[in-house]
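Chemist: Quick one: the structure is below, questions incoming.
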Amino acid sequence: MILGRVVGECVASQKDPSHEGRKLLMVQPLTLDGGDQPGPPVLALDAVDAGIGDRVLLALEGFSAMTAVGRPNSPIDAAAIGVIDTVDITDPA
Amino acid sequence: MILGRVVGECVASQKDPSHEGRKLLMVQPLTLDGGDQPGPPVLALDAVDAGIGDRVLLALEGFSAMTAVGRPNSPIDAAAIGVIDTVDITDPA
Amino acid sequence: MILGRVVGECVASQKDPSHEGRKLLMVQPLTLDGGDQPGPPVLALDAVDAGIGDRVLLALEGFSAMTAVGRPNSPIDAAAIGVIDTVDITDPA
Amino acid sequence: MILGRVVGECVASQKDPSHEGRKLLMVQPLTLDGGDQPGPPVLALDAVDAGIGDRVLLALEGFSAMTAVGRPNSPIDAAAIGVIDTVDITDPA
Amino acid sequence: MILGRVVGECVASQKDPSHEGRKLLMVQPLTLDGGDQPGPPVLALDAVDAGIGDRVLLALEGFSAMTAVGRPNSPIDAAAIGVIDTVDITDPA
């Protein structure tokens, strides 16, 4: 799982029925100090009613993601499964 | 899942029967601001009748992809499962 | 599996019930010589009572991670499954 | 799935019985314009009788790869499942 | 699967019982010309009695790795499943 920040939402008209009724979040992976990772955002279905700006815990595996949103046997490979309240980091050096 | 742009199609003569009748899309992953990611394109079976230039939602996991194209137990690990209409992005800074 | 160092813990209020009662470790992947990898930390459930500063063995696959923490059919895709005592490395050149 | 070019073959004496009788191809991932990706080659079992120099479609997931070579329940996580004849690419800019 | 070179071994006291009696190899992924990849080593259970310095074939998927070491339903996501004898590479240019 990784930590990310919700930076947007996507709207798709042609899509799999299993995605109906769930927000499709655009999530930017974060670095250890909370900055944005270089690289692409991840698109994840929302299982915890996360909103833009929230730091979220992302599951990045099919079965895990399907389980999180309660839709097994669906084409879902990533889901936001937690909203992070606090992160305690020790000196990484 | 990731966001990509359909940039081409591949034609293969020697291939698995499960791939018959489906387009094999060449999809370039996109960055947060809609530009092309550096790195290689992904080849994905088409589950939503996407065309060149479309922005698509890609499932990048075997079971998800097989489910999306309705061909379980097949060698398919990526599929285009949605056509993205709009992306709302907040200030990522 | 990869080698990482526990650098922090995350607290999430909105989360999947399968995560209750397990620490959510923030783990930085390590290089061959024991330094921090560039790139993002991984979030992993704790199966071995690891603490901050410990070097841990991370399983990075859903089924493996769920098995390690004894919670099958849960949205868990990474777990700390060992605490590393010693690493013997030969000259990598 | 990704596109790659067969650049070599590996011979292994100590190996899993499921790999007997199949070529172990060394495949370099390709960029959008057909050049070699930086980064390591992938080792894949051959399901389509590909030869050195061929452009191939690679499945990079265990179940997909095992299915492609007809050997379920085997330690196989990548397979060459198609030989690419033509690639039509639109202007990526 | 990828090609790697065994560069060390790890010893873990707190670990999953499924890892008992198997060496935990530290394996550095290799480039096409046999040099070390930049990036972190992979930790893999040994299924072929590989030793330090050996070039090995790594399975990097849970089911494949568990099958290779004969321990299904275990938290194992990588295994050394072959010892490479020879690699024949054509001119990659």
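Chemist: Taking R0 as 41 Å, what's the FRET efficiency between A:Glu20 and D:Asp88 from their Cβ-Cβ distance, rounded to 0.05?
Modeler: 0.80
Chemist: Let me ask something else about it. Fewest to most neighbouring Cβ within 10 Å: what's the order for D:Val87, C:Val83?
Modeler: C:Val83, D:Val87
Chemist: Report, by chain and number, residues whose modeled amide H sits under 5 Å from the one on A:Gln14, excluding near sequence neighbours (fewer than 5 apart, same chain).
Modeler: B:Val83
Chemist: Using just the Cα positions, wrap the protein assembly as shown in a convex hull and report its mean projected area in square nanometres, one decimal place.
Modeler: One quarter of the hull surface, i.e. the mean projection, equals 19.7 nm².
Chemist: Count, for each residue of A:31-44, the Cβ atoms from other chains sitting within 10 Å of its Cβ, then give me the mean as a whole number.
Modeler: The per-residue average across the peptide is 5.
Chemist: Okay, moving on. Pairs C:Lys23/E:Lys15; D:Lys23/E:Lys23; A:Lys23/C:Lys15; B:Lys15/D:Lys23; A:Lys15/B:Lys15: which exceed 19 Å Cα-Cα?
Modeler: In this structure, D:Lys23/E:Lys23; A:Lys15/B:Lys15 lie more than 19 Å apart at Cα.
Chemist: Suppose you put the label 7 Å out from Cα in the Cβ direction; list, shortest first and in nm with one decimal, how far C:Gly35 is from each other copy's label.
Modeler: 1.7, 1.7, 2.7, 2.8
Chemist: Compute the distance from the alpha-carbon center of region C:1-56 to that of region D:37-92, in whole Å.
Modeler: So the two Cα centres are separated by 33 Å.
Chemist: Near the amide H of E:Thr90, under 5 Å away, which other amide H atoms are found, from residues 5 or more places off or on another chain, if H is placed in the peptide plane?
Modeler: Hits under the 5 Å cutoff: D:Gly8.
Chemist: Continuing with this model, one more query. Would you kindly work out, in nm and rounded to one decimal, the distances from the label point of B:Val11 to those of the same position in each other copy, ordered shortest first, with label points 7 Å along Cα-to-Cβ?
Modeler: 3.8, 3.8, 6.2, 6.2
Chemist: Right, next: Determine the percent antiparallel among the DSSP beta bridges restricted to region D:2-83, to the nearest 5.
Modeler: So the antiparallel bridges in region D:2-83 amount to around 90 percent.
Chemist: Scale the Cα Rg of chain A by the rule-of-thumb value 2.2 N^0.38 Å and send over the ratio, two decimals.
Modeler: Normalised Rg, Cα atoms only: 1.10.
Chemist: Please rank B:Leu43, C:Leu30, fewest neighbouring Cβ atoms within 10 Å first, as an exposure proxy.
Modeler: Lowest to highest Cβ neighbour count: C:Leu30, B:Leu43.
Chemist: Can I ask one more? Please report B:Val7, A:Val11 as a ranked list, fewest other C-beta atoms within 10 angstrom at the top and most at the bottom.
Modeler: A:Val11, B:Val7
Chemist: Residue by residue through region C:64-74, what is 3J(HN,Hα) from phi via Karplus (6.51 cos²θ - 1.76 cosθ + 1.60, θ = phi - 60°)? Round to whole Hz and write x for glycine and proline.
Modeler: Taking θ as phi minus 60°, the curve returns 4, 5, 4, 4, 4, 9, x, 9, x, 6, 10 Hz for region C:64-74.
Chemist: What are the ³J(HN,Hα) values, in whole Hz, obtained from phi via the Karplus relation 6.51 cos²θ - 1.76 cosθ + 1.60 with θ = phi - 60°, for each residue of region E:40-57 in sequence order, with x given for Gly and Pro?
Modeler: x, x, 9, 9, 9, 6, 9, 10, 10, 6, 7, x, 4, x, 5, 8, 10, 9
Chemist: Sticking with this structure for a sec: What does the copy distance list look like for C:Gly53, label position 7 Å along Cα→Cβ, in nm and ordered from shortest?
Modeler: 3.7, 3.8, 6.1, 6.1
Chemist: In whole Hz, what ³J(HN,Hα) sequence does region C:32-38 give by Karplus (6.51, -1.76, 1.60; θ = phi - 60°), x for Gly and Pro?
Modeler: Ordered by residue, 3J(HN,Hα) equals 4, 8, x, x, 6, 5, x Hz.
Chemist: Under a 5 Å amide H to amide H cut-off, with H placed in plane at 1.01 Å, what residues pair with E:Ala78 once short-range neighbours are removed?
Modeler: When sequence neighbours closer than 5 places are left aside, the close amide H contacts are E:Leu45.
No lab work stands behind these numbers, since they all come straight from the coordinates. Bear in mind that the values here come from a model prediction, so they are computed numbers and not experimental data. Please note: Cβ atoms are built from the backbone with ideal geometry, for glycine as well, and neighbour counts cover all protein chains shown.
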